[in-house]
Ligand SMILES: [Zn+2]
Ligand SMILES: [Zn+2]
């Protein structure tokens, strides 16, 4: 038994290039056994979490559930980790630590929060939850991003790593992060001492489900994987008046229209074509009636970039263009536009190249090379990047296939897209997705903590 354990450890570390394929799959087989033992209970956990979603910033019961589960497995658990800048909001972050002699510290993150989406999947375990959102509106609530899959995978990984305690050394830090969808939960946990009250990690890992890959597969993007996301609010202030007498006004509607079109030149004219970025005006509100020129128009923008310097340059351009157009329209200085850049933003998600290579090598050996595929980076955003402290801690997030292979093939053939993340119809296939989620994350952690690799 002991010899077999050593052998398996070496395979996981990728230090045994001469090993036969049969030996390389042993860890996979052993993991299958361990995961199979838990699978019924994990699927029940998933359905329970799915049926009981909570909005960002309100993850009270979800956090308590995750905390209790980790505690029952022997993790040292701290609840309510998270300090938001907004007063009155409780941080429901969970930190579970398992110290297993000396070695690297590895952090694994799951999100806890759900979305204000009314579920329409018709599944027997569909969410029927309704609540009031922070604006007081009645909304349906749904785990439409699959964070319930992530929580379940984390709990399965937690249990499996307890069972495999003689294969790894170091400090395992499992966190349940609130308010990912609101972009702010990771920062709130850091601001509440995630890396000072608890061990600062040598590596941080996460997974996210996807409808681009079939169950059984995982995907990865070395380097930039997801973009930074910054919200910008603009108020174009004009001088209102009668709709029949524009000459007596400074019309903010016309200025807003010019600003929107001029903002499109930032991406096309002000940065290198090889450096991706997006500027989207997602909301515009102004005016009340046909024949009234209003005093102001409000706009909400999202800005996406990979590089921080590009983010800064685009934000400066938005400010310059908006104020310049307003000045050209004759709006006086004391009515100049207000351009407010949100301080809470998600940095780009960067997959450290060495870390990615190490984890991908281990995943390929255990899941099979065909099941570990490189994926192109995307312009969607995450706040997981915060946990890397601007590149000081290597981070890796990988994709977890969550849709049926036949459904995916049919979608590719017909061109009819599958229900995407955040859709009211998004329905990951629970059992095979969770199985691979637990296996993949366990393998990723073992690759970093089994003692054979460099730190
Ligand atoms: Zn999401
Ligand atoms: Zn998500």
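Readers should treat all values here as calculations from the given coordinates under stated rules, not as data from a laboratory. Note that the coordinates shown come from a computational prediction; the quantities given were computed from them, not determined experimentally. Using ideal geometry, Cβ is built from the backbone for each residue, glycine included, and neighbour counts are taken over all protein chains shown.
Points worth noting:
- Span from the the range 27-74 Cα centroid across to the the range 197-250 one, whole angstrom: 29 Å
- Angle in degrees between helix 353-367 and the longest Cα principal axis of the chain, rounded to the nearest 10: 50 degrees
- The ellipsoid that matches the Cα gyration tensor of the chain has semi-axes, each √(5λ) in whole angstrom, of 45, 23, 21, with the longest given first.
- Against the main long axis of the alpha-carbon atoms of the chain, helix 147-163 sits at an angle near 30°.
- Mean residue ellipticity at 222 nm, helices only, the chain: -11500 deg cm²/dmol; runs of at least 4 DSSP H residues each add -39,500 (n - 2.57), and the sum is divided by the number of residues.
- The packing ranking of peptides 177-183, 88-94, 193-199, highest mean first, is 177-183, 88-94, 193-199, where packing means the average number of other beta carbon atoms within 10 angstrom of each residue.
- In the chain, the longest principal axis of the Cα atoms and the axis of helix 405-414 are about 40 degrees apart.
- Contour minus Cα-Cα distance for residue 71 and residue 422 (0.36 nm per residue): 123.3 nm
- Spin-label model, residue 336/residue 264: points 7 Å from Cα along the beta carbon direction are separated by 2.8 nm.
- Gap separating the Cα centres of the range 333-350 and the range 401-416, nearest whole Å: 39 Å
- At full extension, residue 26 and residue 327 could sit 101.4 nm farther apart than now, given 0.36 nm per residue minus the alpha carbon distance.
- Full-extension gain in nm, residue 37 to residue 375, via 0.36 nm per residue minus C-alpha separation: 118.5 nm
- Relative contact order for the range 351-413: 40 percent, from Cα pairs under 8 Å spaced at least 6 residues apart, divided by residue count.
- Separation in nanometres of the label points that stand 7 Å from Cα toward Cβ, at residue 118 and residue 257: 3.5 nm
- Residue 312/residue 90 FRET efficiency (R0 41 Å; Cβ-Cβ; nearest 0.05): 0.80
- Computed on the range 100-244, with alpha-carbon pairs under 8 angstrom and 6+ residues apart, the relative contact order is 34 percent.
- In this structure, residue 409 and residue 248 have a Cβ-Cβ separation that, at R0 = 56 Å, corresponds to a calculated FRET efficiency of about 0.30.
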